[in-house]
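Student: Pasting a structure below so you can have a look.
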Amino acid sequence: MEFRILIYSRDAQLFLLLQHVLATEGFVVSLAGGANDILKLVFNDRVRAVVIDGSATRLDLYPFRAKHPHVSFILLLNQPVPPRGFGSAMADADLVLTRPFDPSLLIQFLRRLRVEAVVTKGGTRSAETPLRFADLEMNSTTVKVRRNGHEVPLTALQFRLLRHLLKDPEVVQSRDALIAACWSREAEVEPRTVDIHMGHIRRALKKYGPDLIRTVRSHGYALAAEASPDNHPLT
């Protein structure tokens, strides 16, 4: 199965290098000339990842992720400390690499995505029982979340976070546990990044009913049928 990757960069040498490295792994690489190209090309259901050169743009990734939850976003930065205005993009990226980055980290990440795509599309994974809590239902086979009959749009990362909570709804999951379960091993994730994503999930779910996410200060997150608003000052 073709596994297409988009690269958004104005650096021709970087694009050619990545194209060569990824081609040796069997990935098909295309160049996205701008944000409009990304929007048009990701409609192709074979696109599974977008690599964004941080020196080329300061895209807000959240709108892309909300519309295309099956696509993973990888951000390349020139420096460990992101430029002003990049905090949101880093929080919404699945993987952040700082130059000079190790190509093997990128390849390992993409290999895992490809395996997941093949397993899901090829039907080798048995259908999973939907996860339910209160009026919330998650179907891991179709990668959809519904609440009160309404589909809730979530990014791939947010889907993983919510699924981890749904597996043991009343168990408080620490931020470290959520990072270990939902991010790649190569990703450097701050605890505050978890708070940002949980805030996105909370707002998406609250469009169709009361708050379900319980924040336990200094500990982490769980689900509750009627989470108190006083429980989540940070998100």
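Student: Rounded, prolate or oblate: which fits region 131-231, taking a ≥ b ≥ c as square roots of the Cα gyration tensor eigenvalues, rounded meaning a/c under 1.5, else prolate when a/b beats b/c?
Tutor: It comes out oblate by the Cα gyration axes.
Student: Something else: Between residue 181 and residue 12, what is the spin-label point distance in nm, taking each point 7 Å from the Cα along the Cα→C-beta axis?
Tutor: Those two pseudo-labels are separated by 4.8 nm.
Student: Mind sorting 219, 197 by how few other Cβ atoms lie within 10 Å of their own Cβ, fewest first?
Tutor: 219, 197
Student: Something else: Report the relative contact order of region 131-231, percent, no decimals, based on alpha-carbon pairs under 8 angstrom and at least 6 residues apart.
Tutor: The value is 27 percent.
Student: Report the extension gain between residue 208 and residue 99 in nm, rounded to one decimal, defined as 0.36 nm multiplied by the number of residues separating them, less their alpha carbon distance.
Tutor: Full extension of this stretch gives 35.0 nm more.
Where a number appears in this text, it was derived from the coordinates with a stated rule and is not lab data. Worth saying up front: this structure is predicted, and the values here are computed from it rather than measured. Because the Cβ atoms are built from the backbone with ideal geometry, glycine has one as well, and the counts that use them run over all protein chains shown.
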